[in-house]
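The values are calculated or read from the model by the stated rules, or taken from the named source; none is laboratory data. Since the structure is predicted, the reported quantities are computational estimates derived from the model, not experimental observations. Neighbour counts run over all protein chains shown; Cβ positions are idealised from the backbone, glycine included. For the accessible areas, the whole protein counts, side chains as well, though only heavy atoms, and no ligand, DNA or RNA atoms are used. Shrake-Rupley method; radii C 1.70, N 1.55, O 1.52, S 1.80 Å.
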Amino acid sequence: MVRYKNILITGSNGQLGNELKILSGKLENCNLLFTDIDELDITNAYDIDNFFSTNSIDLVINCAAYTAVDKAETEADIAKEININAIKNLIKCIKKYNSKLIHISTDYVFNGKTHTPYTETDTTNPNSVYGQTKSDGEKLILNSGIAHIIIRTSWLYSGFGNNFVKTIIKYAKEKNELNVVFDQIGTPTFAGDLAEAIIRIIIETNNNQSKFVSGIYHYSNEGVCSWYDFAYEIINITKLNCHINPIESKDYPTIAKRPPYSVLNKNKIKSIFNITIPHWRESLVKMLKD
């Protein structure tokens, strides 16, 4: 029995939403409704309810978020509206129409003061307004009683939108050298790989609803690196003529504080949904070639 006849994807013009569009053909028996703010404003409770009612939504993949980490420090109200209040609106409709939720969150819910990969049960303690709003959004979902899968990811990049890979390539074409911090450690995540994982979860749980185990899951590519290592590999693979200098975070101050260590433990998502995760460099090569 096909459970997910109509799937709503919010924030579909972003990196992950665009990658899901590319893979949408893998969900043959599902009607995917790709929306962004022009089609559906999730901060508007009336609009969401009307959309659910009209389209009989069975599953929501919420890719919509306020992700401008530094701007959030001075635009806290806007970040809260999208990352917290919009979640309340979605929860209300998901309850009313008996739907389910796959929600995308972030490694920024952690403060980065540990030295071992974070598990899903580790205590959150964000360093930034952005991280706090995403953490608060998670808590709303966890306490809501709806069927949910929260996927925390890290250092997302793709061929779409603005991201670290595209920024490094842009500046490497303009400058002979770039300074990149080496004391912030994590794992890059190719949005195409995360989209593949989400598609697999949908297929697995569509055929067997008992496999939809509510809770938090971590997903990033395999491996660990610094932003410096990441930038170095981008230049190495693209063969651009630019030297990358490693610097400390104190020499590159930002408005919002970043977690110095945000490696995620992915054992849970791999075991429950039988997902194989590529190494970050392998996926970087694939993305840059494509």
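So what is the 222 nm mean residue ellipticity for the chain from helices alone, if each DSSP H run of at least 4 adds -39500 (n - 2.57) and you divide by all residues, rounding to the nearest 500 deg cm²/dmol? Write out the running numbers ahead of the final one.
Working: 10 runs with 105 residues, N = 290.
About -11000 deg cm²/dmol.
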Output ³J(HN,Hα) for the range 168-182: one whole-Hz value per residue in order, computed from phi by the Karplus curve 6.51 cos²θ - 1.76 cosθ + 1.60 with θ = phi - 60°, and x for Gly and Pro.
-> 4, 4, 4, 6, 5, 7, 9, 10, 7, 8, 9, 9, 9, 5, 10
Kindly write out, for the range 225-242 in residue order, the coupling ³J(HN,Hα) from the Karplus curve 6.51 cos²θ - 1.76 cosθ + 1.60 (θ = phi - 60°), rounded to whole Hz, with x marking Gly and Pro.
-> 7, 9, 4, 4, 4, 4, 4, 4, 5, 4, 5, 4, 6, 7, 6, 6, 8, 8
The chain: most fluctuating residue of VAL69, VAL213, VAL224 per GNM, C-alpha cutoff 10 Å | VAL213
Going down the table (LYS26/LYS266; LYS96/LYS134; LYS211/LYS286; LYS211/LYS270; LYS5/LYS139), which pairs top 19 Å between alpha carbons?
-> LYS26/LYS266; LYS96/LYS134; LYS211/LYS286; LYS5/LYS139
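With a probe of 1.4 Å, find how much accessible area the chain has per residue, and write the answer as a whole number in Å². Can you show the working numbers first?
Working: 13320 Å² over 290 residues.
Here the per-residue accessible area is 46 Å².
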Integer Hz, Karplus 6.51/-1.76/1.60 couplings in order for the range 194-207, x for Gly and Pro = 5, 4, 4, 5, 5, 4, 5, 4, 5, 5, 4, 7, 5, 7
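Counting alpha carbon pairs within less than 8 Å and at least 6 residues apart, what relative contact order, in whole percent, applies to the chain?
Working: 566 pairs, mean separation 62.2, N = 290.
Reported as a whole number, the value is 21 percent.
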Which one of SER144, SER271, SER99 has the biggest mean-square fluctuation once the chain is modelled by GNM with Cα springs under 10 Å?
-> SER271
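Specify the longest stretch of the chain that does not include any exposed loop site, a site being one of the GluC sites (Glu not before Pro) with a non-H, G, I, E, B DSSP assignment and at most 14 other Cβ atoms within 10 Å.
Maximal segment without exposed cleavage sites: 40-173.
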Return the carbon/sulfur percentage of the accessible area of the chain, one whole number, probe 1.4 Å, all protein chains in place.
-> 48 percent
Amide hydrogen neighbours beyond the local backbone of ASN6, cut-off 5 Å, H modeled = ASN31, ASP58, LEU59
